[in-house]
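Values quoted throughout were computed directly from the atomic coordinates according to the rules given, and no laboratory measurement underlies them. The model shown is predicted, which means the values in this text are computed figures rather than measured ones. A quick note on method: Cβ atoms are made from the backbone with ideal geometry, for glycine too, and the neighbour counts reach across all protein chains shown.
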Amino acid sequence: MARSNPHFGKLPKNYIFSLMGEKQAQMRANRPNEEILNLGVGDISLPLAPSIALAIGDAALEMSRMVRGYGPEVGYLFLREALIGAEYGQLGFSPEEIFLSDGTNTDAATLHELFDEKTKILIPSPTYPVYFDSSVVVGKEVHLLPTRQEEGFIPRPPKEGYDLVFLCNPSNPTGIAMGFTHLEEWVTWAKKHKAILIVDNVYSCFISSPNVPRSIYEISGAREVAIEMRSFSKQAGFTGLRCAYMVVPKSLHLPELHSLCHRWKSFKTNGVSYPIQKGALASLSGEGKRETSLQIETYKRSAAILRSSLDEQGETYYGGTDSPYIWWKVPAGVSSQQWSDTLLNESLIVTIPGSGFGPSGEGFVRLSCFISNRIAEIASERIETACAL
Ligand code: PLP
C-alpha cells in the first residue's frame, strides 16, 4: 500500500516566500496604479549582464552547428577549471573537488542522501527554511540552535556534538556575517566532534569587512570538516538561469564523501545545460566580473540607503553591510507578521516576517536590498512615515 511521507506533517503549513508572494499579488490586484516595493523575496532586480547574455546566446548557436548532448554530470571541466583559477586554486583545491548543480537550493535540499539516516543535524535559527524543511522531510533528527539578539545573532557552537551543521555565512535572514574568530570556533568544534559543516556561502560576493573570510577554507583546518556551497544566482544574476556548485574536499575526515558525491551525481543529474555553464564562465571573465560587480555595488548602495534611513529613525537593525539583507526589529507589542502586514497595507512595502525563518526570527522583519537605488530611496521615505505613525 502506498503511503505519503508523514514527515511533511512536521513542516510549517506555508512556505513563507510563497505566502508573501500571494499577499503581494493580491495587493497588486487591489491597487494596480500604485508602486508596490518588493523588499520581500531575495531575488535579483537588475537585468542580466550583457557579456553573460552574449555567451549564452553564442553557446546556443554553437549547438545549432554541432551536436552537444549530455554534459558531464559534475559539470564541464572548463567551468570547474575557471573556478579553480578564480579562487579555489589558491585555497589548494583541484577541479575534481568542484561539483556543479542547478542551484544551491537543490544541493542543500538533497545532500542528505550522502549521509547516514541517523545523522543528527544542527541548524542555527533563524534560518533559511530549506535546510530545516529538507532535513525534516527525510526524517532526520533536527535540532535548532537559537541565535540571540544579545549576541548579535552570531551562532556559537554548542557544548554537545552533532553530526551535520548548516551554517549560512553571510546569513540569510539576519544579514550577519561571522568573522574569522567565530568560524575558527566552528572548525575547532567540528574537528572535536567529527562533524561536517555545510557552509552556505551564496552571499560571499557581498562581503566587504576585512575580518570576514569570503570562503570557509580561509580558516585553517576547514578542509577536513567543511563542504562549501556557492551559487551564481546572486553573484552574477543567475536566479532565472540556474547554476551553482559545491566544494567537497578530498581531505574531509570522511574522505569517502568525495567519491560518494561522484557516485551520487551520476544517478542524480544529467548536468547543467551547456549554454548556462558558458554563461557562468563568462561571469568569471574580466568583463563579466566588471559588469556583475557593478550590480553588487548597486545592491550594496541600496542597503546603505536603507541603513542610513533606519539610523536616522533610531531603529534597531542588523546586517546590510556584508549581506543584501537587513534584519529590522519590529516595534514593541507587535508581531513580525503584523508589522510586515502593516508595511504592506499602509506603505506598500513587501517584507518577510522573521517568524517565517523559525521561532527565533520572531520580533524582526527581513528587508531584501536586491532593489535599485531609486526604489531604496522611495522605500526609505515610506519607512520614515511608517515609523512616525
Ligand atoms: N542559499 C541561500 C542562503 C539563499 O538565500 C538562497 C536564495 O535566496 C539560495 C541558497 C538559493 O540559491 P540558488 O538560487 O542557487 O538555488
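Remarks
- The stretch 319-372: relative contact order in percent, alpha carbon pairs under 8 Å with at least 6 residues between: 40
- Residues whose amide H lies under 5 Å from that of Ala226, counting only those 5 or more places away or on a different chain, are Leu197; hydrogens are built 1.01 Å from N in the peptide plane.
- Length gained when the stretch Ser259-Ser285 is fully extended (0.36 nm per residue, less Cα-Cα span): 6.3 nm
- Within the same chain, lysines fewer than 8 places from Lys192 are excluded, and of the rest, those with a Cα less than 29 Å from its Cα are Lys118, Lys120, Lys140, Lys159, Lys250.
- Max mean-square fluctuation residue, GNM over the chain, Cα-Cα springs under 10 Å, options Thr174, Thr104, Thr147: Thr147
- Kyte-Doolittle mean at least -1.0, axial Cα span of 18 Å or more - DSSP H helices of the chain: 16-30, 50-65, 180-193, 286-312, 373-388
- Rg ratio (alpha-carbon, reference 2.2 N^0.38 Å) - the stretch 245-297: 1.58
- A Förster distance of 22 Å, applied to the separation of the beta-carbon atoms of Asn5 and Glu141, puts the FRET efficiency at 0.85.
- As a size descriptor, the averaged projected area of the C-alpha convex hull of the chain was calculated at 21.2 nm².
- Taking the fewest neighbouring Cβ atoms within 10 Å as the starting point, the ordered list for Phe232, Phe93, Phe115 is Phe115, Phe93, Phe232.
- Over the chain, dividing the summed -39,500 (n - 2.57) contributions of all DSSP H runs of at least 4 residues by the number of residues returns a 222 nm mean residue ellipticity of -12000 deg cm²/dmol.
- Residue-wise HN-Hα couplings along the stretch 149-155, as the Karplus relation 6.51 cos²θ - 1.76 cosθ + 1.60 with θ = phi - 60° gives them from phi, are 4, 4, 9, x, 6, 7, x Hz; Gly and Pro carry x.
- By the count of neighbouring beta-carbon atoms within 10 Å, fewest first, Val67, Val334, Val212 end up ordered Val67, Val334, Val212.
- Among beta bridges identified by DSSP and lying wholly in the chain, the antiparallel ones come to about 50 percent.
- Cβ crowding within 10 Å, taken as a proxy for footprinting-reagent exposure, orders Ile196, Ile375 from fewest neighbours to most as Ile375, Ile196.
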